[in-house]
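The values are calculated or read from the model by the stated rules, or taken from the named source; none is laboratory data. Just so it is clear, the model here is predicted, and its values are computed rather than measured. With ideal geometry, Cβ positions are generated from the backbone for all residues, glycine too; neighbour counts draw on all protein chains shown. Ligands, DNA and RNA are excluded from the accessible area calculation, which covers all protein heavy atoms including side chains. Shrake-Rupley method; radii C 1.70, N 1.55, O 1.52, S 1.80 Å.
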Amino acid sequence: MSAPAPARASAPLITPILVAGAAVLIISFGARAAGGVFQIPVAETFGWMRTEYSIALAISNLAWGLGAPLFGAIAERYGERLAMALGTACYAGGLALSGLATSPEAHQVLNFWIGMGAAGTGFGVVLAVVGRAASDENRSMALAIVSALGSVGQITFPPATEALVAAYGWQAAFYILAAVTLLMLTMLPVFPSGRTAAAKAAVGETLGKVAGRAFRDPSYSLIFLGFFSCGYQIGFMTSHLPAFVTEACAAIDPSGVLASLGISTTSALGAWAIGIIGLMNIVGTLTVGKLGNMFPKKYLLSAIYMGRVIVCSAFILIPMTPFTVIVFAACMGALWLASVPLTAGLVGYIYGLRYMGTLYGIIFLSHQIGAFIGIWLGGALFDRYGSYDLVWWVGIGVGLFSAIVHLPIRETPLDERRGPAAPPGAAAA
């Protein structure tokens, strides 16, 4: 009588690819999150209207969206290592040259390359490789962990960049950020250098076939439309919240708790608000990573967008004080990037993992179109009306739209909807 086979050991949740992916996202997302800190210093140096630098930040986000499917395809065809190396070169070059730029047009062109760098080192490439490396039972949590750890960059980079600008000027701050982004190159040996195992195994499935099936599926269109408001809200707040808080918040009490922590000005409070959002995002993202294995992802996404509607409405209706800024940042942070691992996981679950990077990259384009509009509209309407209020209400409206459009999504793998394949040799009736 043969001995029973030993129980199969469960796959580890924390892998070298997850750790390296999180490190890349910390730097990539951190440098991008610091963009809003330059809004006032750059504009004041040259006497620009708020719109002019806002357009540069908006172009960066649009380029990020346009580059996401491109770098996703590069990663799937040639390996994540090459995609991230090209992204790092674009990122570091764009940041370094921004320290020399003296015209709105120069900043706008350079922010295009910064955005392309964010695409090559951002969610589309990193979440796809982490998702493929994770086991089925660990995938939702792995995507949540790497997304959450990426928020460490958002916690640390904006306050650190604000301190660098105050101490050395915005030009030097750009040079230092460029040098920091080059550290992403040290993570590259961990990632695949050639075609993925999934790509080699599934020879019969081309990107055109998989994408065509996805494009014909109404659920893919709903995911695309629903991700728009996430980009609008995050893009607007990342780029304009520091300036909004600086100008609209009551003065910091010099004898209060915030001042004792080193937050003595509203500009510092604005930068720290972005950092607090990043800190609470870790909690929120890890929570939905756990819930993503227990409940349908589409309902969790709808709840996240509805939560943003409630939090943003309360923030702009209640008189702003340093306390309300901290409370808003904490509440918004819990909802901040919680949508990203759920959306990426939804794409991988419905349409498969092989071309997850490219298909998620296309969905992410909607996110970045939203970010472009949110950032540009923030500057344009502020210059016109001297207030950000209307931009907030537009964001609340599109958030409500996203909460609704996720509900009809059909959360079933596309292959299962087509029915089981006919057995080989089966004759037609």
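Annotations for the structure displayed:
- Highest mean first, the peptides 87-96, 123-132 sorted by other C-beta atoms within 10 Å per residue fall in the order 123-132, 87-96.
- Accessible area, probe 1.4 Å, largest first, for residues Lys290, Lys297: Lys290, Lys297
- Residue ranking by accessible heavy-atom surface, 1.4 Å probe, largest first, among Phe401, Phe174 comes out as Phe401, Phe174.
- Across Glu44, Glu80, Glu247, the residue with the most accessible area heads the list, and the full order at a 1.4 Å probe is Glu44, Glu247, Glu80.
- Solvent accessible area, Å² - Glu76, 1.4 Å probe, full protein context: 10
- Length gained when the stretch Glu411-Leu13 is fully extended (0.36 nm per residue, less Cα-Cα span): 140.9 nm
- If the chain linking Val283 and Ser313 were pulled fully straight, counting 0.36 nm for each residue of separation and taking away their Cα-Cα distance, it would gain 8.6 nm.
- Computed with a 1.4 Å probe over protein heavy atoms only, the accessible area of Tyr385 comes to about 140 Å².
- Across segment 39-55, rounded Karplus estimates of 3J(HN,Hα) from the backbone phi angles (6.51 cos²θ - 1.76 cosθ + 1.60, θ = phi - 60°) give 3, 6, x, 5, 4, 6, 4, 9, x, 7, 6, 4, 4, 5, 6, 4, 4 Hz, Gly and Pro being marked x.
- In Å², nearest 10: area of Asp389 left accessible to a 1.4 Å probe: 80
- Under the Karplus curve 6.51 cos²θ - 1.76 cosθ + 1.60, θ = phi - 60°, whole-Hz ³J(HN,Hα) for segment 349-354, x wherever Gly or Pro sits: 5, 7, 10, x, 8, 4
- When the charge dipole of the chain is built from unit charges on Cβ atoms (+1 for Lys and Arg, -1 for Asp and Glu) and taken about the Cα centre, the candidate among Val245, Val165, Ser28 whose Cα reaches farthest toward its positive end is Ser28.
- This model, with +1 at the C-beta of Lys and Arg and -1 at the C-beta of Asp and Glu, gives the chain a dipole about its Cα centre of some 1300 debye.
- Taking label positions 7 Å along the Cα-Cβ direction at both Leu390 and Asp136, the computed distance is 5.2 nm, reported to one decimal.
- With every protein chain in place, the chain: carbon and sulfur % of accessible area (1.4 Å): 70
- Full-extension gain in nm, Ala166 to Phe401, via 0.36 nm per residue minus C-alpha separation: 80.6 nm
- Using alpha-carbon coordinates, inclination of helix 389-405 to the longest axis of the chain, degrees: 10
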